[in-house]
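Only one structure is covered here, and it is reproduced in the block below.
The values are calculated or read from the model by the stated rules, or taken from the named source; none is laboratory data. Fair warning: this is a prediction, and the values are worked out from it, not measured in the lab. Here the Cβ positions follow ideal geometry from the backbone for every residue, glycine too, while neighbour counts run over all protein chains shown. These area figures cover heavy atoms from the full protein model, side chains too; ligands, DNA and RNA do not enter into them. Shrake-Rupley method; radii C 1.70, N 1.55, O 1.52, S 1.80 Å.
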Amino acid sequence: MMHVSMPNPWLIRPARQDDLPALLVIYNHAVETSVVTFDVEPRTEEAGQAWLAAHTGRHPLFVAELADGTVAGYASLSPYRPMPAYDSTAELSLYIHPDYQRRGLGRAMAEHILAVARADARLHLVVSVITATHAVSIALHEKLGFRCCGTLHEAGFKFGQYHDVVHYELRV
């Protein structure tokens, strides 16, 4: 019997201005319910506008859009640090709406944005900073070839306790 691969039920495309409300829902849910981000206040629409506008050139932002138009997640590359010597390093962020997690969407988005990073001669290294207890994200990064390059112990304080972060890197 021949195995026929089914097409993905989503489209990965560059983010648009009209995606911002969905992006804020996804991100702010993570802010309010988890330690995958150390933001402690939901992102406002004004801050979201500036964040969206900053994702151009070697720092793109992609969304996963379902057939019905729902934005189910996003992946972005951001400047790692503001000093010019870091210009060839980007930080990967990946957020999936809770209703669509554990369906392969995160991996598909990460693979997509890493392919974009590899195609950009201005980028040399992609870094992810992950809360040490986020086993799913750590496993995904390791499957994608990232390697752990260090732990910052008790680097963030959220929900009444300190949290470690691990740094992962991938040369592109």
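Of all segments of the chain bounded by chymotrypsin sites (Phe, Trp or Tyr not before Pro) found in a DSSP loop with no more than 15 other C-beta atoms within 10 Å, the longest spans 39-158. Where a ≥ b ≥ c are the square roots of the eigenvalues of the C-alpha gyration tensor, would you call the chain rounded, which needs a/c under 1.5, or, failing that, prolate if a/b is larger than b/c, or oblate? It is rounded, given that a/c, with a ≥ b ≥ c, falls under 1.5.
So what's the back-of-envelope 222 nm ellipticity for the chain, counting only DSSP H runs of four-plus at -39500 (n - 2.57) apiece and dividing by all residues, rounded to 500? Before the final figure, lay out the partial values.
Values: 4 runs with 48 residues, N = 172.
The per-residue figure over the chain is -8500 deg cm²/dmol.
Relative to one another, the C-alpha centroids of region 15-80 and region 137-157 are positioned 21 Å apart.
For the chain, what does the accessible surface come to per residue with a 1.4 Å probe? Please give it in Å². Please report the intermediate quantities before stating the final value.
Values: 9800 Å² over 172 residues.
Averaged over the residues of the chain, the accessible area is 57 Å².
Does region 69-156 classify as rounded, prolate or oblate by the C-alpha gyration tensor (a ≥ b ≥ c root eigenvalues; a/c under 1.5 gives rounded; else a/b over b/c gives prolate, otherwise oblate)? Oblate.
Label-to-label distance, Gln161 versus Ala50, with points set 7 angstrom from Cα along the beta-carbon direction: 3.3 nm.
Of the accessible area of the chain, with the probe set at 1.4 angstrom, what percent is carbon plus sulfur?
With neighbouring chains kept in place, the figure for the chain is 55 percent.
Approximating the spin labels as points 7 Å out from Cα along Cα→Cβ, the Arg171-to-Arg102 distance works out to 3.6 nm.
Using the Cβ-Cβ distance between Glu142 and Ala67 with R0 set to 35 Å, the FRET efficiency works out to roughly 0.70.
Test of understanding: what is the full-extension gain from Val40 to His59, defined as 0.36 nm times their sequence separation minus their Cα-Cα distance?
Working: separation 19, 0.36 × 19 = 6.84 nm, distance 2.39 nm.
Value of the extension gain: 4.5 nm.
Dipole size of the chain about its Cα centre, with +1 on Lys/Arg Cβ and -1 on Asp/Glu Cβ: approximately 620 debye, rounded to the nearest 20. The trypsin sites (Lys or Arg not before Pro) found in region 1-110 that occupy coil by DSSP, while having at most 14 further C-beta atoms within 10 Å, are Arg16, Arg102. Which residues does a label at Ser88 reach in region 107-142, if reach means a backbone N under 15 Å from a point 7 Å past the Cα toward the Cβ? What the label zone holds, given the 15 Å backbone N cut-off, is 118-127.
What FRET efficiency comes out for the pair Leu152/Leu11, r = Cβ-Cβ distance, R0 = 35 Å, nearest 0.05? Plugging the Cβ-Cβ distance into 1/(1 + (r/R0)^6) gives 0.45. Summing Cβ point charges (Lys, Arg +1; Asp, Glu -1) relative to the Cα centre of region 69-127 gives a dipole of roughly 140 debye.
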